[in-house]
Amino acid sequence: MKRDDFIIRFAGEGGQGMVTSADGLAQAASMAGFHVQTFSTFPSQILGGPTWTQTRISTSPVRSSGDQIDVLVCFNREAYDTHKDEVAADGVIIYNLGDFQLEGDGQSFGIPFEELAKSTGNSRAENMVVIGAFAHLVNMPQEFLDEFVTKRFSRGRAGDEEIIRSNIEAMLLGRSHAAATGFTLAELSPPVKPEYPQILIKGNEAVSAGALAAGINFYVGYPISPATPILVFMERNLVGDGNFAYQASSEIEAINAVAGAGYSGQKAMTATSGPGLSLMSEAIGMAWMTEIPFVVVNVQRGGPATGLPTKTEQSDFQVALHPAHGDSAIPVIAPGTVEECFYATVSAFNWAERYQGPVIMLSEQMLAERAQNIPRPDVSKVHVEDREVYQGDNGYLRYEARELSPMPIPGGPGPYVANASEHDPFGDTTHLPHRHVHMMERRFSKLKLLEDGEYEAHNTDSPVAVMPWGGSKGPTEEAYEVLQGYGLNVAWYYTMYLHPLPAKLLEELLQKDLVIVPELNFQGQFSSYLRSLGVKAESITQYTGLPFNVSNLARRLEERLGAGARGAVNV
Amino acid sequence: MSKKNPEYDFKWCPGCGDFGVRRALEMAMQRWTVKTEQPIEQNVVVAGIGCSGNLVHLLEGQQPFGFHGIHGRSLPLALGVKMGNPELNVVVVAGDGDFLSIGGEHIAPQAARNLNVCVVVMDNGVYGLTKGQSSPTTVEGTVTSSTPYGKMEAQVSPLHLYMTLGVSFVASGFSSKVREMADLIMQGMEHPGFAIVHVQSPCTTYNNTYDVLKGDPAKGIAPVIYDIPDEHDPADRSAAMAMVDSPGLPLGLIYQDPGSVPLEQRLATATVNARSRKAEDVFDSLMI
Ligand SMILES: Cc1ncc(C[n+]2csc(CCOP(=O)(O)OP(=O)(O)O)c2C)c(N)n1
Ligand code: SF4
Ligand SMILES: [Mg+2]
């Protein structure tokens, strides 16, 4: 029997190589031509604490981290107890014989991970033992793995050859030990290697690369999970050539610095997560008021307050839309896949430059730390926008127009005061009612410039629609296919451009009898926004700190749509 | 630009020290443009929120760029403006409440990085704009609207604080001495690093300290302010420390680090061998 899709989970204690195992397998499989996606969830401590990572391998693009586990690798007893119930009936459990021993349960076997690794002369090759055992179970040819190890460890150093040899030996030992147990799973179908160039990239890296492609030259941030990798990336790579990347002393400092840089003409960005976004509130309102472009990436984690720093949630939509007091509505873009993380960041910069104001890019823990193979973006084809800069004489009234107007840059013509207080055309403070009306309407009118975003629409004849946002896109796509298999005719809508919505999309949504929004928060934040726009929307929510499970979501959608009848829809 | 601006409705009270500070800043910027042969548009005034911050709207004559941001955050804003374009001459104007209370957390980091901006603090020992509450520099025991039983906190000594935090240029001015203040601001703008000109700028409405500062022989009040003697060497850190810890309020340049290296230069040195990467380079390294 051949299978197109396998899920392997590595569970144990932080520091036991869970991430390198999942990433290593993802690299090996993607090099062989499979499609892969990893998923990780960590405790907050640095060492120890229960951790697990997962790799899904498939012959077609992977859209979710998957439901049931085919192979569970347990580095310790606690991991076994915690995860064994999620293993599929025909799944296999590999456990670390160096740590514990089980009575034969018909589903599991032990391998001495450390002992085998040590016997190769390379005690760090434990994860290769595990990958080898997995390869045996799914009948993955060894040549794929040899190629991966050779590429990965050919670093032009003296010890390379020995490391390659010991890693391959570790894999072979894993294979032979697994073979001796007599366990097998189905054979993995041969991969169909995509013809286009591919990269294996994590969401945070895709955001960083998107910022580079959009022309970022200023980054200030403050460390916070799960956004820290973006800060680290920028500090290393955004240097020289007039670029600036810096760790500030707080998010308040970071956001004000980013506003200062946007004002002085730079393409500026900061990245943070919930607690940091809360601290940035006032300055984001200031940027809306003063009309200063910049991008805030908010990598959502569980909240509120310090919340769940390493878990995933989609609970910052409302605060992204309204981070600040007073009348404002900040543009929000949310990618749904690792690939979209790249394009969404480019769009966020383009929007900021186009409408001259702050834009919030809502990422999520599950996207940020997920490694996935994606088509290599063609940077030369990326559309990049720059703000309209004022080029005239001095004496310019920057805020005189009733809509967007060219922005003066310090050092150039047209001095004005960027004023966080309500202001007159020059930027001086005023309290005149007609001026507040003028400026309020001016600021909101600029949102119209952002209503041309792209969106997905299928089966649009149906009066009932499913519309996920952000990282729930993948699981919802899979659940949607399950529903189609049942013969349920439901429309599909999806966009990264959450506020303002593409005008045409909103028109379509307003025609529907029901729009169901699967989202990871308690209140149903996005459907509540849709309702405020007049759309008959409701949510299917989950707030576990984990992504949707596809079969569970399909069941809940089916319950709502078909009430078991598979055909008639209860609206 | 407000003199000719009928929409702008803020006015300083008669006798407010901020008038003198404004004049001094105008003179210093004027001199800076002549000396550097750069246009006024090269100057950015970043203002905090308070009576003091309104200075940015009240400047007469040639207009620089301005940013009137939010309460307490003028330094982080200035960090972005300056590092966004290090060619700009960035001046921060802020009140004692804005700079030392809500914004107090931002002084130490800029001192440590030696952010190359010049700050003019307008200290009136009170919250003027919110009508007379106590500030960090209000004298202990003072009755204000927010300290009806007398202020319980010790009075902050800003000059001592700046010295302790390692600010590389510390000067002290008085709003009635406009020419001297203009000189200090000019020197602060030319200083390669973080410069603070801390100005006594009395609030005639809520905390009129003119008599206390200048003294009044008729009332038997001895002056608090004194001019720093010529012999003082501003490069001498221990002498400067001793000065700010002694009684009285010195006016003039207290300390200037002769070896001051500004942030933009530190960055250039640290990253001289670093290579910036483009999206293409990132993708090259991630190819499958
Ligand atoms: C976040 C925030 N808190 C409070 C205020 C109200 N507020 C405006 S100015 C001010 C104090 C001003 O005192 P100071 O900085 O000494 O300036 P002065 O008016 O004395 O020149 C306060 C508390 C505000 N604008 N923003
Ligand atoms: S209240 Fe005080 S600080 Fe404010 S303008 Fe009047 S005198 Fe000046
Ligand atoms: Mg004050």
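The values are calculated or read from the model by the stated rules, or taken from the named source; none is laboratory data. Everything numeric in this text was worked out from a predicted model, so none of it was measured. Using ideal geometry, Cβ is built from the backbone for each residue, glycine included, and neighbour counts are taken over all protein chains shown. When the accessible area is computed, the model is the full protein with side chains, heavy atoms only, and any ligands, DNA or RNA have been set aside. Shrake-Rupley method; radii C 1.70, N 1.55, O 1.52, S 1.80 Å.
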Condition broken by B:Ile225, with the remaining ones in (1) within 16 Å of ligand 3 (Cβ to nearest atom); (2) open to solvent by 20 Å² or more (accessible area, probe 1.4 Å) satisfied: (1)
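To keep it simple, each residue is scored yes or no on (1) more than 34 Å from the chain's Cα centre (by Cα); (2) outside the structural domain of A:Trp288 (by TED's automatic domain parsing); (3) of a type in the set (S, T, N, Q).
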| residue | (1), (2), (3) |
| --- | --- |
| A:Gly395 | yes, yes, no |
| A:Pro410 | yes, yes, no |
| A:Pro415 | yes, yes, no |
| A:Asn419 | yes, yes, yes |
| A:Asp428 | yes, yes, no |
| A:Arg442 | no, yes, no |
| A:Lys446 | no, yes, no |
Given (1) under 13 Å from the mean Cα position of the chain (by Cα); (2) open to solvent by 10 Å² or more (accessible area, probe 1.4 Å), index of the condition B:Phe174 fails: (2)
The stretch A:332-373, residues that are among the hydroxyl-bearing types (Ser, Thr, Tyr), within 16 Å of A:Tyr455 (Cα to Cα) and assigned to a strand (DSSP E or B): none
Selected residue [of a type outside the set (D, E, K, R), open to solvent by 80 Å² or more (accessible area, probe 1.4 Å), away from chain A (no Cβ under 14 Å) and part of a helix (DSSP H, G or I)] from B:Ala242, B:Ala218: B:Ala218
Restricting the stretch B:68-120 to residues that are within 16 Å of ligand 2 (Cβ to nearest atom) and farther than 17 Å from B:Val199 by Cα, the residue that is surrounded by the fewest Cβ atoms within 10 Å (Cβ to Cβ): B:His71
Hits in the stretch B:182-212 (condition: within 16 Å of ligand 1 (Cβ to nearest atom) and open to solvent by less than 10 Å² (accessible area, probe 1.4 Å)): B:Ile196, B:Val197, B:His198, B:Val199, B:Ser201, B:Pro202
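Yes/no per residue for (1) in the same structural domain as A:Glu114 (by TED's automatic domain parsing); (2) modelled with pLDDT under 95; (3) closer than 18 Å to A:Lys202 by Cα:
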residue	(1), (2), (3)
A:Leu25	yes, yes, yes
A:Gly49	yes, yes, no
A:Ile57	yes, no, yes
A:Ala79	yes, yes, no
Checking A:Asn521 against (1) buried (at least 17 other Cβ atoms within 10 Å of the Cβ); (2) modelled with pLDDT under 95; (3) part of a loop (DSSP other than H, G, I, E, B), the condition it does not meet: (2)
Failed criterion for A:Ala227 (all others in (1) within 14 Å of the chain's Cα centre (by Cα); (2) away from chain B (no Cβ under 13 Å); (3) farther than 15 Å from A:Glu369 by Cα hold): (3)
Test: residue in the stretch A:127-145 that is over 31 Å from the mean Cα position of the chain (by Cα), surrounded by fewer than 21 Cβ atoms within 10 Å (Cβ to Cβ) and under 14 Å from A:Glu169 (Cβ atoms): yes
Members of the stretch B:52-106 that are in contact (Cβ under 8 Å) with a residue 24 or more places away in the chain and of a type in the set (D, E, K, R): B:Glu60, B:Arg73, B:Lys82, B:Glu87, B:Asp96, B:Asp98
Residue satisfying condition, being assigned to a loop (DSSP other than H, G, I, E, B), more than 16 Å from ligand 1 (Cβ to nearest atom) and more than 9 Å from every other protein chain (Cβ to nearest Cβ), within set B:Glu60, B:Glu87: B:Glu60
Number of positions in the stretch B:121-165 that are open to solvent by less than 20 Å² (accessible area, probe 1.4 Å), closer than 16 Å to B:Cys51 by Cα and either small (Gly, Ala, Ser) or at pLDDT below 95 (or both): 4
The listed residue being of a type outside the set (A, V, I, L, M, F, W, C) and touching a helix residue (DSSP H, G or I) at 6+ places or on another chain (Cβ under 7 Å), out of A:Ser328, A:Ser347: A:Ser328
Which numbered condition A:Ser421 misses (of (1) polar (S, T, N, Q); (2) farther than 15 Å from B:His68 by Cα; (3) at pLDDT 95 or above): (2)
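Out of curiosity, is B:Val121 closer than 27 Å to A:Asp424 by Cβ and either without any contact (Cβ under 8 Å) to a residue 40 or more places away in the chain or among the hydrophobic types (A, V, I, L, M, F, W, C) (or both)?
Working: closer than 27 Å to A:Asp424 by Cβ: no; either without any contact (Cβ under 8 Å) to a residue 40 or more places away in the chain or among the hydrophobic types (A, V, I, L, M, F, W, C) (or both): yes.
In short, no.
Here is a yes/no grid of residues against (1) within 11 Å of chain B (Cβ to nearest Cβ); (2) of a type outside the set (Lys, Arg); (3) in a loop (DSSP other than H, G, I, E, B); (4) free of Cβ contacts under 8 Å to residues at least 12 places away in the same chain:
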position	(1), (2), (3), (4)
A:Gly427	yes, yes, yes, no
A:Leu447	no, yes, no, no
A:Ser462	no, yes, yes, no
A:Gly471	no, yes, no, no
Hits in the stretch B:245-288 (condition: within 14 Å of another protein chain (Cβ to nearest Cβ), open to solvent by less than 50 Å² (accessible area, probe 1.4 Å) and under 20 Å from B:His191 (Cα atoms)): B:Pro262, B:Leu263, B:Glu264, B:Leu267
